[in-house]
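One structure is given here, and the rest of the page talks about it.
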Amino acid sequence: MKRPEESVVHGSPAQPTDRPAATPDQLPAVDRLLRAPSVQALTTAHGHTLIAAEARALLADLRQQARAGMLAADDVALERLASTLERRVEQRLAPRLRAVINLTGTVIHTNLGRALLPDAALAQVQALMASPNNLEYDLATGGRGDRDSLIEALLCELTGAEAATVVNNNAAAVLLTLAALAARKEVIVSRGELVEIGGAFRMPDVMKSASARLVEVGTTNRTHPQDYERAITARTALLMKVHASNYAVQGFTAAASEAELAPIARTHGLPLVTDLGSGALIDMTAWGLPAEPTPRQMLAAGCDVVSFSGDKLLGGPQAGLIVGRKDLIARIRKHPLKRALRLSKLPLAALEATLRLYLRPERLAQELPTLRLLTRPLADIEATAHALRPIVQTALAPRFGVEVVALHGQIGSGSLPVERLPSAGLAMAPAEKRGAGRALQELATALRELPRPVIGRIQDERLLLDVRCLEDAAAFSNQIGLLRLSNKRKQLPI
Ligand SMILES: *Cc1c(COP(=O)(O)O)cnc(C)c1O
């Protein structure tokens, strides 16, 4: 079994031992193992149930290894078994959801948990979750309160909306909005915006789940305002725009903007709904970042309802925010699905604290990790890369050469997919051309197997570590110090 505190890259794990082999009957009975002093200490710490179950499972595994001739005689010594058991128990109790080091170059990485929570949000979660709170209790009247009311005014202030409500994520926000405003009616959407966000979230399927009928207009690359207008019938519930988050239509293209559609919607008495996806709350260009439409701009352009995520550019917890016209938000809030999709107190506490940071925009780039990482000066990123290079080179010599390189990262989570963030990092290239592909895979695996896994990317026969998101260089160096690479070259298959 591999020690959890180090990661080893060499040979395959279970191989017939060249030391004297143990036979199954050399293994102790469970009771004898449980009576060993160090195992008794484990039982005192964790209780009999877990330790006895793990001891039985360990002995069963070893018995099988012994039968296959894969267990060395010195592995069955009682103290050796006790320490193996201890590691097994530690692993059993260790959470599977773990902190990793994101060196992919993608700041808001959906597979790596998206936005990092600001300290203020962490503090609020810590302070509130072990205590009763006024989640649905009105402190002014002593009567029943509404969880939305805790952040509605703040959201309205930050977006210019009349009303706001929150649910579990933006997918839920879109589903609920359509279910409340368009069930058994028609929704007009451009063909170019029938997007799949990832996994099972495809716009046409979401429509179906909400019992809304999709009416596609225009073509994949070009849709005009008249296309929407011509499709309006007595069965139309609303006009819908979907922000093209994770792809770009380039070349001969045309899309009807919210500002162009708003008068059409108003003339026909229909709501205009926009799914903004990322939804930066502030103008990103103020920080030198690419422009991203804000909910405030969308509402000012005439949208009636705007939905967006809490854990993308907003930089908070997973949440779906719906802002817009008072009567429409009221209908959305009254729909039975709202109860099923509502935000729990844990992300609500984090969301409120995150939103309050926006009241102090001058401090935002410091206090909101997402914005801090996106605006991190290139010179700072390069300095981190240069400081780490010798440490990584020492750990990887002689199998890999390590150099500092210029890189291009991404914002991530579907934001601005064609924009690139100039960045810097380390490139690790195998010293030998032969077996280079496998050497890189081994290195990537070893980095993932560290106690705090390090996640990079393989590109052009090199493993790249983009250090934009590495603010704690010491934590990374510590992990690299635990990396163990074999100098042995593996035998090539015959
Ligand atoms: C990300 C995204 C969604 C889904 O939002 P979640 O918060 O991940 O549920 C929906 N629509 C668009 C346009 C998106 O970019």
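For the pair residue 475 and residue 253, a Förster radius of 45 Å applied to the C-beta separation gives a FRET efficiency near 0.50, rounded to the nearest 0.05. Residues within the reach of a label modelled at residue 405 (point 7 angstrom out along Cα to beta-carbon, backbone nitrogen below 19 Å), restricted to the range 452-484, are 454-470.
In terms of its C-alpha gyration tensor, the range 24-93 comes out prolate, because a/c is 1.5 or above and the ratio a/b outweighs b/c. Of the accessible area of the range 119-361, computed with a 1.4 Å probe over protein heavy atoms only, carbon and sulfur atoms account for 52 percent.
FRET efficiency for residue 438 and residue 126, Cβ-Cβ distance as r, R0 = 30 Å, nearest 0.05?
0.10
Here the peptides 431-441, 101-111, 149-159, 65-75 are ranked by packing, the mean other Cβ count within 10 Å, and the order with the highest first is 101-111, 149-159, 65-75, 431-441.
Could you tell me which helices of the chain pass both thresholds, a Cα extent of 20 Å or more along their own axis and a mean Kyte-Doolittle hydropathy of at least -0.5, with helices taken as whole DSSP H runs?
Helices passing the filter in the chain: 48-67, 378-396.
Below 12 angstrom from the Cβ of residue 212, what's the summed charge of the other residues (Lys, Arg +1; Asp, Glu -1)? That sum, taken over residues with Cβ under 12 Å, equals +3. For the residue pair residue 233 and residue 365, what label-to-label distance in nm results when each label sits 7 Å from Cα along the Cα-to-beta-carbon direction? Label at residue 233, label at residue 365, 5.3 nm between them. Dimensions of the range 79-233 from C-alpha coordinates, computed as largest minus smallest value along each principal axis and given longest first, are 80, 50, 30 Å.
If packing is taken as the average count of other Cβ atoms within 10 Å, what order do 296-308, 254-266 fall into, highest mean first? Walk me through the intermediate numbers first.
Details: 296-308: 23.1, 254-266: 17.8.
Highest to lowest by the protection proxy: 296-308, 254-266.
Solvent-accessible surface of the chain, averaged per residue with a 1.4 angstrom probe and all protein chains in place: 49 square angstrom.
Residues whose amide H lies under 5 Å from that of residue 213, counting only those 5 or more places away or on a different chain, are 184, 185, 186, 187; hydrogens are built 1.01 Å from N in the peptide plane.
Using the Cβ-Cβ distance between residue 387 and residue 153 with R0 set to 30 Å, the FRET efficiency works out to roughly 0.10. Using every pair of separate Cα atoms, the Kirkwood estimate puts the hydrodynamic radius of the chain at 26.4 angstrom. Between the residues 204, 357, 410, the greatest Cα displacement towards the positive end of the dipole of the chain, with unit charges on the Cβ of Lys, Arg, Asp and Glu, is found for 204.
A straight Cα-to-Cα reach below 18 Å connects residue 241 with the aspartates and glutamates 186, 193, 196, 205, 216, 227, 229, 258, 260, 275, 292, 304, residues fewer than 8 places away in its own chain not being considered. Taking a ≥ b ≥ c as the square roots of the eigenvalues of the Cα gyration tensor, an a/c ratio of 1.5 or more together with a/b no larger than b/c marks the range 275-319 as oblate.
Provide the packing ranking of 165-178, 204-217, 127-140, 41-54, i.e. peptides ordered by the mean count of other C-beta atoms within 10 Å per residue, highest first.
With the highest mean Cβ count within 10 Å placed first, the list reads 165-178, 204-217, 41-54, 127-140.
Where Lys and Arg each count +1 and Asp and Glu each count -1, what net charge lies around residue 40 among other residues with Cβ under 15 Å from its Cβ? Residues near residue 40 contribute -2 overall. For the chain, the share of DSSP beta bridges that are antiparallel, to the nearest 5, is 60%. Please give the net charge around residue 457, taking every other residue with its beta carbon less than 15 angstrom from that of residue 457, where Lys and Arg add +1 and Asp and Glu add -1. Here the count lands on +1. Surface composition of the range 24-93: carbon plus sulfur atoms hold 49% of the accessible area, using a 1.4 angstrom probe and ignoring ligands, DNA and RNA.
Evaluated at q = 0.08, 0.14, 0.18 Å⁻¹, the base-10 log of the normalised Debye intensity for the range 119-361, with identical point scatterers placed on the Cα atoms, takes the values -0.30, -0.90, -1.42.
The values are calculated or read from the model by the stated rules, or taken from the named source; none is laboratory data. Just so we're clear, the structure is a prediction, and the values are computed from it rather than from any experiment. In this analysis, Cβ positions are derived from the backbone assuming ideal geometry, glycine residues included, and neighbour counts consider all displayed protein chains. Side chains are part of the model used for accessible areas, which takes the heavy atoms of the whole protein and leaves out ligands, DNA and RNA. Shrake-Rupley method; radii C 1.70, N 1.55, O 1.52, S 1.80 Å.
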